[in-house]
Amino acid sequence: VVTAAPSAQLRLLDLQAIDTSLAQLAHKRAHLPELATIASSGERMEELHGQTVELDTDLSDLLSEQRRLENDIDVVRSREERDQQRLAAGGLPGKELEGLQHELESLARRQASLEDSALEVMEQREQLETRLAQLATERSQAGAELAAAAAARDTAWGAIDAETTELTAKRAAASADVEAELLALYEKVRAAQGGIGAAMLRHRRCEGCRLELAGSELGAVRQAAPDDVVRCENCRRILVRTPESGL
Ligand SMILES: [Zn+2]
């Protein structure tokens, strides 16, 4: 049986209160709503980046297509000009003249078709550029949201860390008076019992598991010496006796 001065046993309640606050702070630090915002904005930005990369590729393909069409249009146009010059120069034999006229008709059809395609490409390009501009706006919005959430997180973390530092110093002071053996027992039980190692016995009830002591257990606690460290039979937590214990 571990024994410790009643004053040291009482210190465990201070220590427990500090440890509970520290655990709450750690939980709060890990579950700030800003962290969810940061995660979702980050995901959104990645998604938007992916879409932008994809559309940039499409745009660059379209630009190549546009250049190719413009080049073809130039080739057809210069050929038409050359044929027109030959026609204007006159003096061509009948068969050649007919051939030239056929070619000019076919060049005109080709030109019209190329121009239709060029127009279509230009429209697609405009649509892509509009969508890319929208994506850029959405990305900067998500970026601003992310930055704001990160700043809010840092502010919250700063406050939590300051409080944690303060409580850690208080904890060191509170545990200074507690014997190593009792402290070790408290830590062991605390680790095994969801963060609560010591509980007050109040009105015969264990404040750790809320069970009321009765019968032989109550008798044993009543008979225990003040220096005996008593534990709850139900939850095994250290039961700290105070004038409110109702013994
Ligand atoms: Zn209990």
Among HIS49, HIS27, which is the only one that is in a helix (DSSP H, G or I), within 24 Å of the chain's Cα centre (by Cα) and in contact (Cβ under 8 Å) with a residue 60 or more places away in the chain? HIS49
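Give ALA142, ALA174, ALA180, ALA152 a once-over and let me know the one that is open to solvent by 50 Å² or more (accessible area, probe 1.4 Å) and among the small types (Gly, Ala, Ser). Full working, then the answer.
Values: ALA142 fails: open to solvent by 50 Å² or more (accessible area, probe 1.4 Å); ALA174 fails: open to solvent by 50 Å² or more (accessible area, probe 1.4 Å); ALA152 fails: open to solvent by 50 Å² or more (accessible area, probe 1.4 Å).
Exactly one residue qualifies, and that residue is ALA180.
Just to be sure I understand, how many residues within region 22-60 are open to solvent by 40 Å² or more (accessible area, probe 1.4 Å) and under 26 Å from ARG236 (Cα atoms)?
Residues of region 22-60 open to solvent by 40 Å² or more (accessible area, probe 1.4 Å): 23-24, 26-31, 33-37, 39-40, 43-47, 49, 51, 53-54, 56-58, 60.
Still in the running and under 26 Å from ARG236 (Cα atoms): 23-24, 26-27.
Residues that pass the stated criteria total 4.
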Please work out which residue is nearest to the ligand (Cβ to nearest atom), limiting yourself to region 235-247 and to residues that are of a type in the set (A, V, I, L, M, F, W, C) and closer than 18 Å to LYS188 by Cα. CYS235
Residue that is nearest to the ligand (Cβ to nearest atom), among those in region 216-234 that are surrounded by fewer than 20 Cβ atoms within 10 Å (Cβ to Cβ) and part of a loop (DSSP other than H, G, I, E, B): ASN234
Mind counting the residues in region 161-209 that are more than 16 Å from the ligand (Cβ to nearest atom), over 34 Å from the mean Cα position of the chain (by Cα), in a helix (DSSP H, G or I) and of a type in the set (A, V, I, L, M)? 8
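The values are calculated or read from the model by the stated rules, or taken from the named source; none is laboratory data. All values reported here derive from a predicted model rather than from experimental measurement. Please note: Cβ atoms are built from the backbone with ideal geometry, for glycine as well, and neighbour counts cover all protein chains shown. Accessible surface areas use protein heavy atoms only, side chains included; no ligands, DNA or RNA. Shrake-Rupley method; radii C 1.70, N 1.55, O 1.52, S 1.80 Å.
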